[in-house]
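These notes are about the structure you will find just below.
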């Protein structure tokens, strides 16, 4: 019996240290600029490439569709999402839950469920959160999420790596960059980065900008992926491929071959 338990423990430990790949997709945003048909083609191409990578999981970081109330855009998104072979986790963007429109939040909940997630995979902690309540000054929702987030981060202290996902970047390139539509307010970014640093977060993944960025601050990697859909930066539509190994992880922005 003792030998069996010991063997089982070894298998668990080996699984916790195994190399694996996951993919971050963002801003599929069906219908944005190029229309539903072209968006469908772009997401279909990205999904085919991601499936060929055989990742352990896929996280989609918001702006799933362009118009929160479009049945057509939703149907396209769900059809393409269903083609992803790996487990999929998703969080909302500002086009999925619109500022000052609680009915869009209710609709998102009906279609997608929770606006956040937390789970472990191969010893790593994956935590997804809703940036909309932060950007939109929804104080009660943000406080509820903040308490949940801190509890999840505390529980992940001994994780191999801790990865956080949200739609709007906390920062794009620097802690003191000007506040605008595409990042957190100055006070908020300091608050959340301090929390991430306290609990040993290794990387924060975001979307929203339709341009890929990456930077490092206080030992935390901040990775903003370009979109699966229409891109602002020389049409560089794509996704982040994250390879986790024994001695670290790499993040590569990969352009979709369209």
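Determine if the stretch 177-188 includes at least one residue that is free of Cβ contacts under 8 Å to residues at least 24 places away in the same chain, within 15 Å of residue 131 (Cα to Cα) and in a helix (DSSP H, G or I). Yes, some residue in the stretch 177-188 is free of Cβ contacts under 8 Å to residues at least 24 places away in the same chain, within 15 Å of residue 131 (Cα to Cα) and in a helix (DSSP H, G or I).
Scanning the stretch 112-124 for residues that are farther than 22 Å from residue 134 by Cβ and part of a helix (DSSP H, G or I) returns no hits.
Summed over the stretch 205-235, residues that are over 29 Å from residue 17 (Cβ atoms), out of contact with any strand residue (DSSP E or B) (no Cβ under 6 Å at 6 or more places or on another chain) and surrounded by fewer than 23 Cβ atoms within 10 Å (Cβ to Cβ) total 7. Checked against (1) part of a helix (DSSP H, G or I); (2) touching a strand residue (DSSP E or B) at 6+ places or on another chain (Cβ under 7 Å); (3) surrounded by fewer than 15 Cβ atoms within 10 Å (Cβ to Cβ), residue 173 passes all but a single condition, namely (1). Looking at 155, 159, 151, just one residue is farther than 25 Å from residue 81 by Cα, buried (at least 17 other Cβ atoms within 10 Å of the Cβ) and more than 18 Å from the chain's Cα centre (by Cα), and that residue is 159.
Candidates are the residues of the stretch 82-102 that are in contact (Cβ under 8 Å) with a residue 12 or more places away in the chain and outside any loop (DSSP other than H, G, I, E, B); the one that is farthest from residue 45 (Cα to Cα) is 91. Taking the stretch 236-252 as the range and being part of a loop (DSSP other than H, G, I, E, B) and either modelled with pLDDT of 95 or more or touching a strand residue (DSSP E or B) at 6+ places or on another chain (Cβ under 9 Å) (or both) as the test, the residues that pass are 236, 237.
The values are calculated or read from the model by the stated rules, or taken from the named source; none is laboratory data. Everything quoted here is computed from the prediction, not taken from an experiment. Quick reminder, even Gly has a Cβ in these numbers, built from the backbone with ideal geometry, and neighbours come from all protein chains shown.
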